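The values are calculated or read from the model by the stated rules, or taken from the named source; none is laboratory data. If you're wondering where the values come from, they're calculated on a predicted model, not measured in any experiment. For neighbour counting, all protein chains shown are included, and Cβ atoms are generated from backbone atoms with ideal geometry for every residue, glycine included. When the accessible area is computed, the model is the full protein with side chains, heavy atoms only, and any ligands, DNA or RNA have been set aside. Shrake-Rupley method; radii C 1.70, N 1.55, O 1.52, S 1.80 Å.
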Amino acid sequence: MPANARVLCVGYFLFLSGCATFSDSFSIIEHNLVMQQPALALQALEKQGLGSQDRVLYLLNKGMLLRMNHDYPGSNEAFETAKRRIDALYGVSVSEQLTSFIVNDTTQSFVGEQFEQIFINLYLALNYLEMGQLDKARVEALQVDIKLREQAEKTRGNSYTEDAFARYLTGMIYEELGEWSDAMIAYRSAYEAYIKYREKYSVAVPGFLKYDLLRLAQRQGLSDEVQKYKTAFSISSWPSEASLRDTGELIFMLHNGLAPIKRENSVTVNNPANGRLVRIAVPRYQSRFTPITKARISVNRTEAVTEVVENIDGIAVKSLEARMPAITARLLARQVVKDQTARQAGKQNEFAGFLVNITNVLTERADTRSWLTLPHNILLARTRLPPGRYTAKVELLGSNNEVMATREFSDIVVKQQKKTYLSYHWVSSQSQFVRR
């Protein structure tokens, strides 16, 4: 094959190899979310026409966008369909696994990272809570517990084997149902998880969890535990159960920003040993900075300020870091197979060997698929109110406590000894990518 023709072919194929990855197709959806137009974002998603191997990914994003549109039944239908499809895909065909080994990881059906699968149940529970269906939320909380136990037992090297926020939400569900012992267990688990969160994800133990632990430990007659928490938290007094009986509670959650986006790190080099090209492509997360650090909710002349309860950005990055050795090992094994196919083809015909080598380079892509409509983090505030109907003002605050946006929510009904859940999804126009 003439040298100049080889150069032109190489240039052409390498140009093609730089085509857009999955994450690049998300920009129009993100733009609509920045404009606070989740309905338009949903329309953009429907127009994408993803392949069958991306069906779960489509359903996860659809479920979240429907939730942002306050279509909680529709959101749950999408999430439930995604769950069933994931379960079915665990019996994936040998041919699909073989194709991914020979071509690249994107040929496998998307089932999500382990933390993303947990968040399906978590958002199902949140949807049910916002619809006032406490028993159904409890079912999802139980499924989270089962999945977390399975992950801890079966997956070595996985950084994500516990979810503090899921445990805390479970505790609130059990408490409202009057299942005090289970609520106490869940709050303890949340506390232990948040201690680890502080080091792994820079999330401290929320102040309201400390009071929950003291209050329930006292209610259950656990005097030694009460003393332990009093010392650990430097708290000497807290509202008694009796003082709370005539009130209800508003639980406000800000789903802040967007989760990190997967990008591809790749390099194409010439193997000096045989002259064939080799392409290495691995995924990396690129964080999307959000300028909102907290929110202040004002209702009935009372104020409450949110605390961070979940750092999805941190969880995603740490989870991928833990999986990188396995991803790299699979990539290197695939390169050996690809090089052997190019060498065998070259023995028969030099040009055929060249084309196989270029095809191998062209098809080597990192899997950049992820659940991109998850938030960057979740912030939560709790406030006690007499039973009634309220209007709440939510102020989104920046790093210097400056008000960056304001939103009012009307017709909020608070019932005696019940919890009312209110969520707000916010994507800032000032979001920007953070280099890693």
Dividing the alpha-carbon Rg of the chain by 2.2 N^0.38 Å yields what? 1.13
Of all the accessible heavy-atom surface of segment 363-436, with the other protein chains kept in place and a 1.4 Å probe, what percent is carbon and sulfur? 42 percent
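Given +1 on the Cβ of Lys and Arg, -1 on the Cβ of Asp and Glu, and no further charges, what dipole in debye does segment 357-436 carry about its Cα centre, rounded to the nearest 20? Display every interim value, and only then the final one.
Working: 12 positive and 6 negative charges, 87 e Å.
Around 420 debye, computed over segment 357-436.
Can you classify segment 344-408 as rounded, prolate or oblate using the Cα gyration tensor, where a ≥ b ≥ c are the square roots of its eigenvalues, rounded means a/c under 1.5, and otherwise it's prolate if a/b beats b/c and oblate if not?
Numbers: a/c = 6.96, a/b = 4.36, b/c = 1.60.
Verdict is prolate for segment 344-408.
Suppose R0 equals 35 Å. What FRET efficiency, 1/(1 + (r/R0)^6) with r the Cβ-Cβ distance, do Val305 and Leu40 give to the nearest 0.05?
Working: r = 32 Å, r/R0 = 0.91.
For Val305 and Leu40, the calculated efficiency is 0.65.
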Accessible surface of Asp411 - all protein chains present, 1.4 Å probe, nearest 10 Å²: 100 Å²
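Count charges around Pro387 for me, please; just the other residues with Cβ under 14 Å from its Cβ, Lys/Arg as +1, Asp/Glu as -1. Kindly include the intermediate steps, with their values, before the conclusion.
Numbers: positive: Arg245, Arg384, Arg389, Lys415, Lys418, Lys419; negative: Asp246, Glu249.
Net charge around Pro387: +4.
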Nearest-10 value in Å² for the accessible area of Arg245, using the 1.4 Å probe: 130 Å²
Under unit Cβ charges (Lys, Arg +1; Asp, Glu -1), what dipole magnitude, rounded to 20 debye, does the chain have relative to its Cα centre? 860 debye
What span do the alpha-carbon atoms of segment 301-434 cover on each of the three principal axes, reported in whole Å from largest to smallest? 83, 31, 25
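Using the structure shown, list the pairs from Lys393/Lys415; Lys196/Lys230; Lys210/Lys418; Lys136/Lys318; Lys228/Lys418 with a Cα-Cα distance above 22 Å, or answer none. Intermediate results must be reported in sequence, preceding the final value.
Details: Lys393/Lys415 19 Å; Lys196/Lys230 20 Å; Lys210/Lys418 20 Å; Lys136/Lys318 31 Å; Lys228/Lys418 29 Å.
Too far apart for the 22 Å limit: Lys136/Lys318; Lys228/Lys418.
In nm², what is the average projected area of the convex hull enclosing the Cα atoms of segment 225-369?
Values: hull surface 61.4 nm².
Averaged projected hull area, Cα only: 15.4 nm².
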Put +1 on the Cβ of each Lys and Arg and -1 on the Cβ of each Asp and Glu in the chain; which of Val56, Met184, Gln340 then has its Cα farthest toward the positive end of the dipole? Gln340
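Helix-only mean residue ellipticity at 222 nm, the chain, DSSP H runs n ≥ 4 weighted -39,500 (n - 2.57), per residue, nearest 500. What is it?
Values: 15 runs with 226 residues, N = 436.
After summing the helix terms and dividing by the residues of the chain, the value is -17000 deg cm²/dmol.
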Read phi for every residue in segment 226-238 and hand back ³J(HN,Hα) as whole Hz from Karplus 6.51 cos²θ - 1.76 cosθ + 1.60, θ = phi - 60°, with x for Gly and Pro. 4, 5, 4, 6, 4, 5, 5, 9, 6, 10, 10, 8, 7
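Among residues other than Thr420 whose Cβ falls under 12 Å from its Cβ, what is the net charge (Lys/Arg +1, Asp/Glu -1)? Numbers along the way, then the final one.
Values: positive: Arg382, Arg384, Arg389, Lys415, Lys418, Lys419; negative: Glu130, Glu176, Glu249, Asp411.
With Lys, Arg at +1 and Asp, Glu at -1, the neighbours total +2.
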Farthest towards the positive end of the dipole of segment 234-302, among Ser243, Ile261, Asn300 and with Cβ unit charges of +1 on Lys and Arg and -1 on Asp and Glu, lies the Cα of Ile261
Sequence neighbours fewer than 8 away in the same chain don't count; with that in mind, list the lysines whose C-alpha is under 25 Å from Lys347. Lys338
Choose one answer from Glu350, Glu321, Glu175: the residue with the largest mean-square fluctuation in a GNM of the chain with alpha-carbon springs under 10 Å. Glu350
